[in-house]
1. Tell me, please, whether a residue that is part of a helix (DSSP H, G or I), under 28 Å from A:Ala236 (Cα atoms) and assigned by TED's automatic domain parsing to the domain that holds A:Trp17 can be found in the range A:144-161.
2. Just the residues that are under 15 Å from B:Tyr256 (Cα atoms) and of a type in the set (Val, Ile, Thr), please, taken from the range B:182-229.
3. Are any of the residues in the range B:44-56 closer than 30 Å to B:Asp175 by Cβ, surrounded by 17 or more Cβ atoms within 10 Å (Cβ to Cβ) and out of contact with any Lys or Arg (no Cβ under 7 Å at 6 or more places or on another chain)?
4. For B:Val276, which of the numbered conditions (1) under 21 Å from the mean Cα position of the chain (by Cα); (2) more than 11 Å from chain A (Cβ to nearest Cβ) fails to hold?
5. Mind checking which residues of the range B:175-233 are in contact with a His (Cβ under 9 Å, 6 or more places away or on another chain), surrounded by fewer than 16 Cβ atoms within 10 Å (Cβ to Cβ) and within 14 Å of chain A (Cβ to nearest Cβ)?
6. Out of the residues in the range B:251-267 meeting the condition of being among the β-branched types (Val, Ile, Thr) and either without any contact (Cβ under 8 Å) to a residue 12 or more places away in the chain or at the interface with chain A (Cβ under 8 Å from one of its Cβ atoms) (or both), tell me which one is farthest from A:Ile307 (Cα to Cα).
7. Take the conditions aromatic (Phe, Trp, Tyr) and modelled with pLDDT under 95 and apply them to A:Phe47. Does it pass?
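The values are calculated or read from the model by the stated rules, or taken from the named source; none is laboratory data. It should be emphasised that the depicted structure is a prediction, and the values quoted were computed from it without experimental measurement. Glycine also receives a Cβ, built like all others from the backbone with ideal geometry; neighbour counts cover every protein chain displayed.
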2 protein chains.
Amino acid sequence: MQATARAHTNIALIKYWGKRDETRILPMNNSLSLTLDGFYTTTTVAFHEELTEDQFYLDDQLVEGAAYGKVTAFLDRIRQTAGRLDLSATVHSTNHVPTAAGFASSASGFAALAAASAKAIGLDVTDPELSMLTRHGSGSACRSIYGGFVEWEKGTQADGSDSYAVPIAPADHWDVRVAAVVLSSAEKKILSREGMKRTVDTSVYYPAWVESIPADLAAIKQGICDKDITKVGETAEANCLRMHATTLAAQPPFSYWHSTTMAVMEAVQDLRDSGVPAYFTIDAGPNVKVLYLPEQEETIREKLQAIPGVQDVTVSRPGPGLAYL
Amino acid sequence: MQATARAHTNIALIKYWGKRDETRILPMNNSLSLTLDGFYTTTTVAFHEELTEDQFYLDDQLVEGAAYGKVTAFLDRIRQTAGRLDLSATVHSTNHVPTAAGFASSASGFAALAAASAKAIGLDVTDPELSMLTRHGSGSACRSIYGGFVEWEKGTQADGSDSYAVPIAPADHWDVRVAAVVLSSAEKKILSREGMKRTVDTSVYYPAWVESIPADLAAIKQGICDKDITKVGETAEANCLRMHATTLAAQPPFSYWHSTTMAVMEAVQDLRDSGVPAYFTIDAGPNVKVLYLPEQEETIREKLQAIPGVQDVTVSRPGPGLAYL
């Protein structure tokens with residue numbers, strides 16, 4: 001009763017921003033991401049009848065507290081689905097990251113945990129079923145089941161049975177690059193879940209955000225199909241700015257941006273002004289991701305690394321979906 | 001047929017952001033400002049029958065081009081109202097500013113021009129009538145007719161006959177201070193009129209902006225009445241952020257902020273975190289104004305002047321309304 005799975009992180013080009021159901025992790029809007037090769041998690045799960053409680057090791061360190069609680073709550077769901085509440089598990093996870101890449105580990109972490117634990121306990125699940133299980137660990141993780149470009153369909157059912165990821169285009173469809181720009185002082189003042197909830201509950205711009213998504217999705221899917229960096233980049237950047245604008249209209253207002261975040265946005269605008277197709281996107285934090293084409297690699301690296309306050313620039317390519325090792 | 005008038009600039013605490021009529025300069029929402037003593041314009045207008053065209057001197061320099069065109073178009077309105085299309089004028093304006101204060105000169109400039117030219121040509125106008133005349137030169141200038149806190153009522157008439165400023169509280173009601181923070185590289189990439197129009201025409205958040213104004217106005221007027229820096233500051237800052245958020249959702253999106261703009265916002269947040277009541281507001285450009293109480297003068301100056309990229313900090317107090325000299 002043991003299995004090992006590997007999953008890669010993903011970066012949202014059309015953002016997941018707001019839940020319609022906090023318990024079932026059901027989103028207000030569809031989102032669309034690119035799975036990246038730059039950061040992945042490998043997880044081995046072994047279920048045992050003789051264990052009395054789960055054990056979770058991350059990078060060979062025993063984990064307790066809140067992170068352990070999330071893992072064991074997720075395993076409860078797997079045990080319940082399999083009808084094997086008598087089992088406990090040992091979980092060994094390793095995060096593989098070239099440097100401090102500024103990627104969230106929750107997406108790759110929960111996708112790998114879901115796949116390994118479902119296989120170890122003998123659940124025979126389809127990809128959509130696995131994506132739905134993963135969603136309960138971390139919403140955006142449900143997209144990391146697949147490689148390349150992936151859409152998370154929000155679904156309309158109250159029980160969440162139609163809210164899962166679907167593949168849009170595989171990793172080898174188009175060689176775009178994503179530079180993860182990590183800032184020197186990048187502590188989050190507002191946690192992403194907390195900020196998301198405050199925005200949904202209080203921002204006067206939130207309803208218009210939700211209404212704006214279908215047009216973004218139609219545009220970016222066409223752009224991905226055509227391998228059109230301008231269309232994909234402009235749509236993603238506008239979506240990112242529209243998402244962050246909702247936080248400025250929350251009560252009280254807040255922003256995930258630092259002054260260096262803005263300096264990176266200005267540098268990307270400068271690149272475009274000089275004819276280099278480059279576009280930024282920003283999640284619920286101060287770090288910036290920059291989308292561009294392979295032939296601009298040197299120009300992009302040089303420009304981004306020269307910004308005062310930038311600690312590290314790590315480049316990713318489109319990455320693969322789940323693998324069982 | 002000569003008169004001299006002096007008018008002070010004003011800073012909007014509830015922003016004028018969007019026109020419902022581009023020709024009549026009629027706003028989509030009420031706005032509320034504080035007239036400041038830090039920047040004023042003195043203008044002398046003399047009408048002559050023998051002159052064949054207007055002459056406009058700013059700080060003793062003869063002005064031609066677009067700025068001249070705006071002045072002469074404004075004088076046409078005055079001549080038409082007075083039934084004296086036969087007259088031409090010499091206009092001498094002086095901008096009085098301690099240093100590069102980063103205040104728009106259009107508000108004080110058009111208020112002084114309207115008052116001096118109306119008096120010189122013999123128009124007997126009430127304050128609301130003068131405010132309406134001023135509005136045609138520059139929307140926000142219509143508030144500079146009065147000192148202290150001033151509201152511009154948007155009005156509902158198609159002809160603009162009920163769109164003018166009304167006084168809320170005089171300059172001596174409350175000694176608050178406004179520090180104008182000027183950035184070193186503060187060129188505007190997008191002109192305020194152009195950005196305003198693009199936002200009204202394309203931002204999906206614009207309707208919610210307009211709907212949000214009445215609650216802001218009610219809150220800030222109560223705050224002004226109570227001399228409550230927290231209520232006035234929080235309301236003004238939230239209104240400013242909500243205004244700038246509309247530009248992030250325009251098509252294409254844009255922002256008036258620079259990275260140093262964000263650094264000033266962070267410094268103000270730091271001040272508050274350390275117990276100093278300070279609040280920012282930002283017009284359609286990168287410079288920042290900070291609202292605070294007199295007893296914090298030294299702390300505020302020190303903190304703001306220490307920010308890299310800040311060129312100058314100029315302090316203003318509540319200023320008076322129109323004066324005829």
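1. Within the range A:144-161, the first condition is being part of a helix (DSSP H, G or I), and the residues that meet it are A:144-145.
Restricting the remaining residues to those that are under 28 Å from A:Ala236 (Cα atoms) gives A:144-145.
Right, trim to assigned by TED's automatic domain parsing to the domain that holds A:Trp17 and you get A:144-145.
The answer is yes, given that some residue of the range A:144-161 is part of a helix (DSSP H, G or I), under 28 Å from A:Ala236 (Cα atoms) and assigned by TED's automatic domain parsing to the domain that holds A:Trp17.
2. Answer for the range B:182-229, where residues must be under 15 Å from B:Tyr256 (Cα atoms) and of a type in the set (Val, Ile, Thr): B:Val182, B:Ile190, B:Thr199.
3. no
4. B:Val276 satisfies all of (1) under 21 Å from the mean Cα position of the chain (by Cα); (2) more than 11 Å from chain A (Cβ to nearest Cβ) except (1).
5. B:Ser185
6. Filtering first and then ranking leaves B:Thr261.
7. Answer is no for this residue.
For every residue, the table says whether it meets (1) farther than 26 Å from B:Val268 by Cβ; (2) touching a Leu at 6+ places or on another chain (Cβ under 9 Å); (3) assigned to a helix (DSSP H, G or I).
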site	(1), (2), (3)
B:Ala180	no, yes, no
B:Lys197	yes, no, yes
B:Pro207	yes, no, yes
B:Val210	yes, no, yes
B:Ala215	no, no, yes
B:Ile220	no, yes, yes
B:Ala238	no, yes, yes
